[in-house]
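Input: a single structure, listed below in structure tokens.
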Amino acid sequence: MSDLLAPNCDVGSIAAVYCEGVKLVGRLLGFTYLAQSDDFERRLHKSLLGLGNNPSAGNVYGILYSFEFQSPEEFQRYIGKNFDCFQQSAPVKGLKDSVDFDGRLRSSALEVLSLSDNDIRKKYFDLFDFKSVDLLDLAANDSACVFHKLNHGYWEYLLLIFLGTNTYSRYKLREAKYETFNKRLRLPGYISALYQSQRSLINDPNDQYYYAISCSAGIQPIDNYIEKELTDVARGAMAGAIAYRSLFSDTGSSVYDGYAVKSLCYRDLLFDFIDVLAQRSDALVFIVPQTIKNIRLDSVLVNQYVLAVPRHHVHEYWPSVLALCIGYIDRLRSRHNKLTVIMECGAFSALLSVAMKKLNDEQVGTQGGWIKSFDLGRVLDSSNETAVKSQRWLKGSGVTWRVPFKI
């Protein structure tokens, strides 16, 4: 197992990989970071050396972030310039005619929440054409694919952020939660950056891009919600997803059922899934929180790498995290023709997945190479016995499954 943040990692210095990643993000997604001076890489490398032989993910990304953005005010100016998605970007088919991202999202959310449960459910299933996908099949195919999911938490926090605790009443007494997620998701421009990156994909059928959503923690098939009474969680998740999707167009689009990941566990197929990936791939890359950065697979003979990201600040630091992740993935694909990325990094996985989809597009027709990417989320916490005990979706389920990961 190679730790990509370790000072002795032979894949390349963090500073060099980061600078390459910044250029890649610009080319793939059109996100242009602040202009870097000629000696930027040298100064960054020197600063990172000051972390010593055991840098934490938080320290590394904090330094990268501070080098690009010398102050919060500078970052806000950057966000305002680059991520006023409606105003600054070229027109895209199906785009709503508006110049105010926050305002449009807020207005749409208020409109949806005014509906009855039955009307929300109907609009949800009218707007989203759900398809099922078996991740074991995607693992077995000798071709590129990108799978990511956004479960109920993201959609509910979206409502909380744009409407506040008084309007989105499920969090009425939890003002601290509003402040936390406003700081982590909205102020750093993450939501609008994700929106901008998805615009070219969300209306186009694509057999390599698997965008999945759920109105739970992905613990039930979406068909279970067609007629059952909505919980507060399901209502909020549906409303948030509708509000976001309506920014693109009022026409429906295909999405995948976020149940696909937990389904592997419930059927005791996670071990088989990982085994098939290991057989198909020249290398596996784990992008995971610092808390499980020692994750590994002892049962397979395959090159393994790990890239730790901050658990709580991954969205705040998203420009730095995105550049470093995509920089390392690009370097590794030049070493390994068939590369599989396995992630646990919250909603950030969605933005990284879009970037990897674009990277795959550039690789089409080159020696049969590909990148596979799977957002497995908190399932990767199964490598940590303490974390397993805290996972509510397993409690009382009667589920027993073979855990392929070790720490």
*Starting from the amide H of A212, placed 1.01 Å from N in the peptide plane, find each other amide H under 5 Å away whose residue is 5 or more places distant or on another chain.*
H148, K149, L150, Y256
*Calculate one ³J(HN,Hα) per residue across segment 305-318 by plugging θ = phi - 60° into the Karplus curve 6.51 cos²θ - 1.76 cosθ + 1.60, and present them in order as whole Hz with x for glycine and proline.*
10, 9, 10, 7, 10, x, 6, 9, 10, 5, 7, 4, 9, 3
*Point-charge dipole on Cβ atoms (K/R +1, D/E -1) for segment 2-44, about Cα centre, debye to 20*: 180 debye
*For F130, which sequence-distant residues (separation of 5 or more, or a different chain) have an amide H within less than 5 Å of its own amide H, given hydrogens modelled in the peptide plane?*
V255
*Scan around V341 for amide H atoms under 5 Å from its own, H built in the peptide plane at 1.01 Å from N, and keep only partners 5 or more places away or cross-chain.*
V285, K372, S373, F374
*In sequence order, what are the phi-derived ³J(HN,Hα) couplings for segment 147-160 according to the Karplus relation 6.51 cos²θ - 1.76 cosθ + 1.60 with θ = phi - 60°, rounded to whole Hz, with x for glycine and proline?*
10, 9, 9, 10, 8, 4, x, 4, 5, 6, 5, 4, 5, 4
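Rank the residues W155, W370 as a footprinting-exposure proxy: fewest other Cβ atoms within 10 Å of their Cβ go first.
Numbers: W155 24, W370 21.
The fewest-first ordering by Cβ neighbours comes to W370, W155.
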*Local electrostatic count at V379 - Lys and Arg +1, Asp and Glu -1, tallied over other residues with Cβ under 10 Å*: -1
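Taking K and R as +1 and D and E as -1, what net charge do the other residues with C-beta under 14 Å from the C-beta of N118 add up to? Please list the in-between numbers first.
Details: positive: R121, K122, K123, K228, R235; negative: D117, D119, D126, E227, E229.
Combined, the nearby Lys, Arg, Asp and Glu give 0.
A short reminder: the numbers here are calculations on the coordinates, not readings from a lab. Predicted model, so just to flag it, every value in this text is computed and none were measured. Ideal geometry is used to build each Cβ from the backbone, glycine not excepted, and the neighbour counts take in all protein chains shown.
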